[in-house]
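J.: Can you keep this structure in mind? I'll have questions shortly.
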Amino acid sequence: WTIRMKYFKSSPENITEAQLEQLEEIQFLFEFHTKKKHYDQLVELDDRFHDIIYAASNSRMLTHVLVDFHHYVQRVRRGSLSNEERAENCILEHNAIVEALKQRDGDKAEELAHQHISSTIRNISSKGIESFFEQDKKNEI
């Protein structure tokens, strides 16, 4: 997680206005799809959100590692984001991160990213990670 935090700290220095606009658009779509309970769309939008922030760090090697990791845990993230309360909290957390990025406040972005990841971990832990894999098995049948 330490590597991820460094991304959020360095991204405000490098993020472009176009990337900030993309993040805001993703947040708008995230809210829409949360209301419609389009959970697969939320995972895709969450991927795009994180990919943009990783790209703003300007480190190809670390971006590659984190994108791979982010996709590796996709099954668990899908289960986490299919919880309406977690999805709504994710919107608030992402909005706060975007605001810190717009303010070019790396320390605040890093702090908010840590809170976001901690909230995700708490959500997964409260349900038990096995439940996310069981849900996938049911959907495969």
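Read-outs: derived from the displayed coordinates by stated rules, not from any lab. What you are looking at is a predicted structure, and each value in this text was computed from that prediction instead of being measured. Glycine gets a Cβ as well: all are built from the backbone with ideal geometry, and neighbour counts include every protein chain shown.
J.: Of Lys37/Lys108; Lys102/Lys127; Lys35/Lys102, which sit over 28 Å apart, Cα to Cα?
T.: Lys37/Lys108; Lys102/Lys127
J.: So what are the ³J(HN,Hα) numbers for the stretch 95-108, from phi and the Karplus equation (6.51, -1.76, 1.60; θ = phi - 60°), rounded to whole Hz, Gly and Pro as x?
T.: 4, 5, 5, 4, 4, 5, 5, 5, 7, 6, 9, x, 5, 5
J.: R0 = 22 Å: FRET efficiency of Asp68 with Gln19, Cβ-based, nearest 0.05?
T.: 0.60
J.: Could you give each residue of the stretch 12-17 its phi-based ³J(HN,Hα) in whole Hz, using Karplus coefficients 6.51, -1.76, 1.60 with θ = phi - 60°, and x for Gly or Pro?
T.: x, 6, 10, 5, 8, 4
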